[in-house]
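Inspection log for the structure reproduced underneath, given as structure tokens.
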Amino acid sequence: MTGMKRSTAIGRMGDVADGLDRAKQWPDHRVMAAYVYGALLEGVDDLEYVEIAFVVDEPASRVPWMSRPAHLEAMAKLLRFDKLPLSWRWRPAEWPVWNHRITRAACFWTVDGGRDQTVLDGLSARATGGLQLTQPADAGALRAQVEIEWVAARTQLATVTAMFDDREWRRVHTGDGAYPEDTLWAAAAAFIELDDWLSPRRA
């Protein structure tokens, strides 16, 4: 969906907030906060999709970079997020929401406070300078976080590779249009992306 108006994109953020308000009543709800980042935050007028980071109460080992945990994706599907012009990433609560791709973000929903209308209004008025943004303190903090995520991604890739032919593992990672190959691809792509980002900085 190209050429989505800014007002439409902000409306879709409202839909996400409403969905999360409903979902927090469900057993085993895991989403603690939702952040917007990327083009909408940067003031772009025509957007393909809204970029969102969902912070979840899960160990980092279960939601490394680019992962699509089945139970979290199932929740997103129940809320029909897959029918909206959204691109989302899962972020563990023990890590900062920012990393090498999410360079700065604004929180527009929390499990305790619900929707933050101030953020939506600020985006509508293009007054992002007044928003509280989450971002790395400096280049050193960013690199340290990416190093942590690199280790997690390396572990995830090793685990997926080792289990790839296991029947039970393949059964668990099959369903709702997803296949074991998708999990393997995500693990490999995440590791390569993080490694590529770090490589010139190690030289």
Task: Close pairs from region 42-65: first under 28 Å from T8 (Cα atoms), partner among the polar types (S, T, N, Q) and modelled with pLDDT of 95 or more, Cβ under 6 Å, at least 6 apart - done: Y49/S87; E51/S87
- [ ] Return the pairs, sorted by first residue and then second, in which the second residue is among the β-branched types (V, I, T) and surrounded by 16 or more Cβ atoms within 10 Å (Cβ to Cβ), the first residue lies in region 123-137 and is under 11 Å from R104 (Cβ atoms) and touching a residue at least 60 places away in the same chain (Cβ under 8 Å), the beta carbons are less than 8 Å apart, and the residues are 6+ apart or on different chains.
- [x] T134/V97
Open item on the list: Based on this model, can you work out whether W95 counts as in contact (Cβ under 8 Å) with a residue 40 or more places away in the chain, in a loop (DSSP other than H, G, I, E, B), on the phi < 0 side of the Ramachandran plot and in contact with a helix residue (DSSP H, G or I) (Cβ under 7 Å, 6 or more places away or on another chain)?
Closed with: yes
Task: Residue tally, condition of a type in the set (A, V, I, L, M), over 12 Å from L40 (Cα atoms) and not in a helix (DSSP H, G or I), over region 1-22 - done: 1
Open item on the list: Out of the residues in region 154-203 meeting the condition of being at negative phi and part of a loop (DSSP other than H, G, I, E, B), tell me which one is surrounded by the most Cβ atoms within 10 Å (Cβ to Cβ).
Closed with: H173
Open item on the list: Condition (residue is in a helix (DSSP H, G or I) and not β-branched (V, I, T)) applied to region 29-46: is it met by at least one residue?
Closed with: no
TODO: Scan region 65-88 and give yes if some residue there is polar (S, T, N, Q) and within 20 Å of M4 (Cβ to Cβ), otherwise no.
DONE: yes
Task: Output for region 53-80, where each listed residue is in a helix (DSSP H, G or I) and either surrounded by 20 or more Cβ atoms within 10 Å (Cβ to Cβ) or among the charged types (D, E, K, R) (or both) - done: R62, E73, M75, A76, K77
TODO: Filter region 125-140 down to residues that are loosely packed, with under 13 Cβ neighbours inside 10 Å and either of a type in the set (K, R) or not in a loop (DSSP other than H, G, I, E, B) (or both), then give me how many there are.
DONE: 5
Task: Lone qualifier among V119, V50 - being crowded, with 20+ Cβ neighbours inside 10 Å and under 16 Å from G19 (Cα atoms) - done: V50
Open item on the list: Take the residues in region 126-158 that are within 15 Å of E42 (Cβ to Cβ) and among the aliphatic types (A, V, I, L, M); name whichever of them is nearest to the chain's Cα centre (by Cα).
Closed with: L133
- [ ] Check whether at least one residue in region 142-153 is closer than 20 Å to H71 by Cα and either hydroxyl-bearing (S, T, Y) or surrounded by 14 or more Cβ atoms within 10 Å (Cβ to Cβ) (or both), and report yes or no.
- [x] yes
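The values are calculated or read from the model by the stated rules, or taken from the named source; none is laboratory data. Predicted, not measured: the structure shown is a model, and the values here were computed from it. Every residue, glycine among them, receives a Cβ derived from its backbone with ideal geometry; neighbour counts consider all protein chains shown.
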